[in-house]
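Working notes for the structure below.
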Amino acid sequence: MIATARRTGPGGVARQFGRVSNMPAFAGATRNSVRSFHFTRMTMEEAKKEEETKEEKTEEKEEETKESQALKALAEKEKEFDELKKNYLTTLADMQNLRTRTTNDVNSAKKYGGQSFAKSMLEVADNFTMALNAGKEHATDANPQLKTFYEGMIMTEKSLLKAFASNDVTKMESLGAKFDPNLHDAMFAYEDATKEPDTVGQVVKDGYMLKDRVLRAAQCGTVKASPKKD
């Protein structure tokens with residue numbers, strides 16, 4: 001008992017009693033510390049989550065901005081492409097039209113290249129025709145020199161027409177043909193009961209064709225219908 005009193009003694013008892021008496025305060029402080037720790041931890045976690053949320057929203061916004069810019073740039077490029085394509089197709093069509101016109105012009109030049117010269121020679125043919133018509137009645141055996149000259153004129157006209165034919169220039173056979181405004185140039189109209197109306201009754205100047213083109217329309221007189229008698 002004495003040994004126990006020594007170990008515990010008055011001071012030891014007092015110290016032990018003091019520790020026992022301070023336990024509730026220590027426990028309260030510990031609980032407060034734990035609560036504060038948990039609160040701080042929760043606050044930090046919430047702040048971290050909030051920061052992460054902000055970062056995610058910022059990243060999403062940046063991604064949306066980048067996507068919007070990319071779509072806008074794509075739209076502009078598509079517009080530029082459409083414009084270039086339109087210009088290309090227009091140029092291609094113009095070049096094709098130019099090639100077509102050039103080909104047609106070359107073919108036309110080859111086909112009708114001698115048109116101006118041939119047309120100028122028609123006056124020569126007209127003069128031969130008028131000379132032959134004027135001398136036909138007098139070129140008889142009674143006038144052998146004129147007859148020989150007349151026959152030479154006929155041969156020369158035939159040579160001229162042969163030269164025309166070799167260059168695809170042909171005389172129209174207009175007399176008695178149905179009147180065609182594309183082939184005939186009507187100078188006058190007259191009545192003739194012996195001929196069919198709307199036909200060529202007289203030829204003033206012969207018409208000529210250069211291949212499938214009218215080189216000169218025939219100048220002629222057309223027959224009109226006679227008035228009916230009551």
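Each reported figure results from applying straightforward, stated rules to the coordinates on display, with no laboratory input. Note that the structure is a prediction, hence the values are computed from the model and not measured. Reconstructed Cβ throughout: ideal geometry from the backbone, glycine too, with neighbour counts over all protein chains shown.
Remark on the range 49-181: ratio of C-alpha radius of gyration to 2.2 N^0.38 Å is 2.84. Using R0 = 45 Å, the C-beta based FRET efficiency linking residue 61 and residue 82 works out to 0.90. Rounded to whole numbers, the Karplus 3J(HN,Hα) couplings from phi for the range 182-189 are 7, 10, 10, 10, 6, 8, 6, 10 Hz, using 6.51 cos²θ - 1.76 cosθ + 1.60 with θ = phi - 60°, and x at Gly and Pro.
Close amide H partners of residue 183, meaning residues 5 or more places away or on another chain with modelled amide H under 5 Å apart, do not exist here.
For the range 118-130, putting each phi into the Karplus relation 6.51 cos²θ - 1.76 cosθ + 1.60 with θ = phi - 60° gives couplings of 4, 5, 5, 7, 5, 5, 5, 4, 4, 5, 4, 4, 5 Hz, in residue order, rounded to whole numbers and with x for Gly and Pro. For residue 111, the lysines whose Cα falls under 26 Å of its own Cα, not counting residues fewer than eight places away in the same chain, are 119, 158, 162, 171, 205, 211.
Shown here for the range 183-230: trypsin sites (Lys or Arg not before Pro) in loop regions (DSSP other than H, G, I, E, B) with at most 12 other Cβ atoms within 10 Å, namely 211, 228, 229.
Run the dipole for the range 170-230 about the Cα centre, Lys and Arg Cβ at +1, Asp and Glu Cβ at -1, nothing else charged, and hand back the magnitude in debye, nearest 20.
On the way: 10 positive and 10 negative charges, 31 e Å.
Rounded to the nearest 20 debye, it is 140 debye.
Computed from backbone phi with θ = phi - 60° and the Karplus coefficients 6.51, -1.76 and 1.60, the 3J(HN,Hα) list for the range 146-153 is 5, 5, 5, 4, 5, 5, x, 5 Hz; x is used for glycine and proline. The gain in end-to-end length when the residue 69 to residue 117 segment is fully stretched comes to 10.2 nm, 0.36 nm per residue minus the alpha carbon separation. In this structure the amide hydrogen of residue 203, modeled in the peptide plane, comes within under 5 Å of the amide hydrogens of 221, none closer than 5 places in sequence on its chain.
For residue 177, the residues 5 or more places off, or on other chains, whose built amide H falls under 5 Å of its own are 200.
The packing ranking of peptides 91-99, 176-184, 158-166, highest mean first, is 176-184, 158-166, 91-99, where packing means the average number of other beta carbon atoms within 10 angstrom of each residue. For residue 66, a cut-off of 27 angstrom between C-alpha atoms picks up these lysines, skipping any fewer than 8 places away in its own chain: 48, 49, 54, 57, 77, 79.
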